[in-house]
1. Confirm whether residue 341 is more than 24 Å from residue 146 (Cα to Cα) and either surrounded by fewer than 20 Cβ atoms within 10 Å (Cβ to Cβ) or in contact (Cβ under 8 Å) with a residue 40 or more places away in the chain (or both).
2. Pull out all pairs, ordered by first then second residue, where Cβ-Cβ is under 9 Å, the residues are six or more apart or on different chains, the first lies in region 270-288 and is closer than 12 Å to residue 141 by Cα, and the second is among the hydroxyl-bearing types (Ser, Thr, Tyr).
3. Could you grab the pairs with beta carbons closer than 8 Å, sequence gap of 6+ or different chains, first residue in region 137-148 and in contact (Cβ under 8 Å) with a residue 24 or more places away in the chain, second one in a loop (DSSP other than H, G, I, E, B) and surrounded by 23 or more Cβ atoms within 10 Å (Cβ to Cβ)?
4. With 255, 202 as the choices, which residue is closer than 24 Å to residue 379 by Cα and small (Gly, Ala, Ser)?
5. Keeping to region 356-387, report how many residues are over 24 Å from the mean Cα position of the chain (by Cα), over 15 Å from residue 282 (Cα atoms) and not polar (S, T, N, Q).
6. Are any residues in region 221-238 more than 20 Å from the chain's Cα centre (by Cα), crowded, with 17+ Cβ neighbours inside 10 Å and not polar (S, T, N, Q), and if so, which ones?
7. Mind listing whichever residues of region 109-123 are surrounded by fewer than 15 Cβ atoms within 10 Å (Cβ to Cβ) and not aromatic (Phe, Trp, Tyr)?
8. Suppose we filter 134, 167 for residues that are part of a helix (DSSP H, G or I), in contact with a Phe, Trp or Tyr (Cβ under 7 Å, 6 or more places away or on another chain) and polar (S, T, N, Q); which single one remains?
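The values are calculated or read from the model by the stated rules, or taken from the named source; none is laboratory data. Keep in mind the model is a prediction, meaning the values are calculated, not measured. Cβ atoms come from the backbone with ideal geometry, glycine included; neighbour counts cover every protein chain shown.
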Amino acid sequence: MWRAAAAAARGLRSACRNPTPDFRPIPFPYHSIRSTIPSSCDGISGCGPALLFAPRIHSNADPFKPMIQPLAMEGADFSTASPAEAAAMVGSLGSSSSSLSHKAMDFSEAIRHYGRCYWELSKARLSMLVVATSGTGFILGSGSAIDFAGLCCTCAGTMMVAASANSLNQVFEIQNDAKMKRTRQRPLPSGRLSVPHAAIWASSVGIAGTTLLAWKANYMAAGLAASNLVLYAFVYTPLKQIHPVNTWVGAVVGAIPPLLGWAAASGELSLNSMILPAALYYWQIPHFMALAYLCRDDYIAGGYQMFSLADASGKRTALVSLRNCLYLFPLGLLAYDWGLTSKWFAVESSLVTTGISISALLFLLDRTTKSARRMFYGSLIYLPVFMFGLLLHRMHPNEHNEVMMSEPSRNELIAEVERHESNSSNNQYNKKKDPTQARPPLAYASIAPFPFLPAPSYVFPDS
């Protein structure tokens, strides 16, 4: 439209410079609909009837008739206007085009603004870690065949529920976040988003995620997701300002997503499904103890009751961290013993657990910010390595049964040898007591060559 208007303006300027312009209209047969619109015009005014008539022919079958006719009318007015009026029309077209571009820019800016706010409100990186643990649980519970469509739906539902829980957490803690350097730039304390907007967003994604899990997975997975949302937003969040036990309640919240994934894949919860949740529970204690030690001043300013705040020396914090690191050692052996993984995972799990335990021991010996940060980074390495090892060395039940059949235990071998020895000794004893073995060979020989003779009787000496 802009190029056509510019070309028309240039034509008007050339017409004004020409002393004898030809404004004779071209005769146009209105009475015949089948007539052809002339392809060339001798004057500007001759284009007016053609522009008016062309949309009339096309609009009989065109659903966009209301949009075409105003443009045709503008063309007719433009053809009969003076140069000043034509310039004004061109200016109005330019202003309307610039207003459209400004609206497009405003729309894209609004999309970026709200997208950034929703990303921060949902704590997207933390939510993606929750999705990773849920997806790992789904794969571990799938057995020999993995339903990838179900895996994607489970991860999407988990992501939405986690985003809802984190958003509600920030809605309830807006006053506390405003007092902390680490959180004062979040969308709600900074005023970039209103509280009702955030509450509507949290409720919408929470309901959508739970519905998706109930529809594409099962009701057990949806129930675990909903209960975890309630536990995090309505129990753990207010408890942070009441008692230091909130850290252990938060560890329970973090241990539920793998159970959610396992339930979505298998529809049930077994003993094997507890390996990854147990690892997550014990892992979160040193992880959050290190974080609370590093951010003590912020937590004091925010009014949170963390375990490390009541421990000025940091010794109890370090001891709790080391104790929970040691609890991680048996998990690799249990995963192998219960048939969830191969024996190599037990070795790898012991090695990575040794690493995080050493970092906790160093924190106990030297309770400084540097040691706490080392333990925090060690915890960040432990979890992805542990989950990758589970996925790499996982075994479905059929493979475990084959391994157990091909590798009999030592007790079974010992029992088999003892059974064989007892049978052989019983056979020798029976041979000694069998009276037929004491008969002389003559009794049998007399029967074989002469079957018509009666067999001689044999009397034992002690009878």
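1. On the way: more than 24 Å from residue 146 (Cα to Cα): no; either surrounded by fewer than 20 Cβ atoms within 10 Å (Cβ to Cβ) or in contact (Cβ under 8 Å) with a residue 40 or more places away in the chain (or both): yes.
In short, no.
2. 273/266; 275/341; 276/133; 276/136
3. Pairs that qualify, where the first residue is in contact (Cβ under 8 Å) with a residue 24 or more places away in the chain and the partner is in a loop (DSSP other than H, G, I, E, B) and surrounded by 23 or more Cβ atoms within 10 Å (Cβ to Cβ), are 140/340.
4. Checking each option against the conditions leaves just 255.
5. Looking only at that region, the number is 12.
6. The one that is more than 20 Å from the chain's Cα centre (by Cα), crowded, with 17+ Cβ neighbours inside 10 Å and not polar (S, T, N, Q): 236.
7. 109, 110, 111, 112, 113, 115, 116
8. Numbers: 134 fails: in contact with a Phe, Trp or Tyr (Cβ under 7 Å, 6 or more places away or on another chain).
Among 134, 167, only 167 is part of a helix (DSSP H, G or I), in contact with a Phe, Trp or Tyr (Cβ under 7 Å, 6 or more places away or on another chain) and polar (S, T, N, Q).
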